[in-house]
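These notes concern the structure reproduced below.
No lab work stands behind these numbers, since they all come straight from the coordinates. All figures in this text were calculated on a predicted structure; none of them were measured in a lab.
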Amino acid sequence: PPPALNWSTSNDQALADAMEFENAIEYGRACPDLKTDKEIWFEFWDRDSSGTLDRRELTNALGATLRRVQGEGSPDRPTCELQVDMLMAMCDTSTAGSITKSEFLTPQVGLADSLIANFF
């Protein structure tokens with residue numbers, strides 16, 4: 001995966017989150033296609049190389065991917081956060097608060113297939 005970016009540019013958390021989200025959308029223009037490269041997409045957005053996608057990584061990934069697919073009419077950060085909360089409730093079977101690669105890639109019930117079914 002590409003080197004990690006330091007997206008947080010402010011100590012004010014709300015401003016940092018908003019700026020990070022917009023930077024992720026710009027960064028996401030280069031992201032792999034979720035439908036054809038699920039594992040590469042996961043690794044692209046696993047910014048801290050932890051082997052999991054946390055809520056922040058998922059929010060940025062969803063926002064950027066939807067912007068790429070839907071254009072300017074895609075959801076804003078608060079809407080993406082709500083969608084991520086719902087998706088994590090369904091797909092975080094370990095209840096760890098993040099999505100493992102296995103939880104992401106499991107056919108039909110994993111997060112990748114859930115994203116594709118609901119957003120593409």
Problem - Convex hull (Cα only) mean projected area of the stretch 67-120, reported in nm² to one decimal - result: 3.9
Completion exercise
In whole Hz, the Karplus estimates of ³J(HN,Hα) for the stretch 50-62 (6.51, -1.76, 1.60; θ = phi - 60°; x where Gly or Pro) are 7, x, 9, 10, 8, 4, 5, 4, 5, 4, 5, 5, 5
Fill in the blank from the handout: Note: the stretch 38-107, point scatterers on Cα, Debye, no solvent; log10 I/I(0) at q = 0.12, 0.25, 0.28, 0.29 Å⁻¹ equals -0.29, -1.18, -1.34, -1.38
Completion exercise
In nanometres, the difference between 0.36 nm per residue of separation and the alpha-carbon distance of Q108 and M90 is 5.3 nm
Completion exercise
In nm², the average projected area of the convex hull spanned by the Cα atoms of the stretch 49-88 is 2.9
